Amino acid sequence: MIVDDEADIREILSFNISAAGFDTIECGTGEAALVQIRSGNVPDIILLDIMLPGISGLKLASTLRKVDGCDVPVIFLTARNTENDLLTGFSAGGDDYISKPFSINEVIARIKAVLRRSSPEAQNRNSIVMGGLSLDTISKTVTVDGAQVPLSRKEYDILFMLASNPGKTFSRADFIRELWKDAPYVLDRTVDVHIARIRAKLGPYRDRIVNRTGFGYCMENYE
């Protein structure tokens, strides 16, 4: 799904992405995208312009994650690329971030990379259970004491790295290298923001994610 208010950009993206073997849906506003998704026309990935009329791209991504519980990967398209813009985009549930102007080859490469990371085959275990904390790696859902908690795609991937390697410490560079390998640059602060959001959602298990000062993050072993 291509969501951009500029028809020329939508047309160029749609033509080239279709030529690469993908089916495309074009939406000129965030409201139109919501209508499509809520009617059951859920795409495998969304290319989402941040500066949209009406509901912004950031608001749309946040609504999909928090209100609709939709975990479709989102790649933001934007002319804004400051540190705060990057952090805001990732915090809203974005999986990647491409600055305008961009090359079509870059866009297609990013689409393939995000879809590859998001596929069920990318995970090698069906479930991880740690006391009352459970990760289902097929549905990519997380439950805390039986209640499902909403995580963005990137939040889930970070938690999976930690939970599937209990006791192992990952540096911020480890997370960036593994989960943002196709991004042009990602700041250490981006990892901290995602970890903070994960902790806030884990309730009584938030302290299982430990910050080892000077080394990185790890998840404590469960008995």
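The values are calculated or read from the model by the stated rules, or taken from the named source; none is laboratory data. Being a predicted model, the structure only gives us computed values, none of them experimental. Because the Cβ atoms are built from the backbone with ideal geometry, glycine has one as well, and the counts that use them run over all protein chains shown.
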Requested in this report: Please name all residue pairs, on different chains or six or more residues apart, with Cβ atoms under 6 Å, provided the first residue is in segment 54-74 and is over 13 Å from Leu34 (Cα atoms) and the second residue is charged (D, E, K, R) and modelled with pLDDT of 85 or more.
Outcome: Asp71/Arg153; Pro73/Arg153
**Report entry** Subset of segment 1-24 that is more than 16 Å from Lys100 (Cα to Cα) and touching a residue at least 24 places away in the same chain (Cβ under 8 Å) - its residue that is surrounded by the most Cβ atoms within 10 Å (Cβ to Cβ)
**Finding:** Met1
Report summary line: Going through segment 125-157 in order, the residues found to be more than 17 Å from Met219 (Cα to Cα), touching a residue at least 40 places away in the same chain (Cβ under 8 Å) and surrounded by fewer than 20 Cβ atoms within 10 Å (Cβ to Cβ) are Lys140, Asp145, Val149, Pro150
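For segment 176-191, what are the residues that are part of a helix (DSSP H, G or I) and either surrounded by 15 or more Cβ atoms within 10 Å (Cβ to Cβ) or among the hydroxyl-bearing types (Ser, Thr, Tyr) (or both)? Even if it seems obvious, please write down each step before you answer.
So the first thing to find is which residues in segment 176-191 are part of a helix (DSSP H, G or I), and the list is 176-179, 188-191.
Passing the criteria: Ile176, Leu179, Thr190, Val191.
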Report task. Can you work out which of the residues in segment 158-175 that are within 17 Å of the chain's Cα centre (by Cα) and crowded, with 20+ Cβ neighbours inside 10 Å is farthest from Val142 (Cα to Cα)? Result -> Phe175
Report task. Kindly indicate whether Glu106 is surrounded by fewer than 16 Cβ atoms within 10 Å (Cβ to Cβ), at pLDDT below 80 and not assigned by TED's automatic domain parsing to the domain that holds Val191. Result -> no
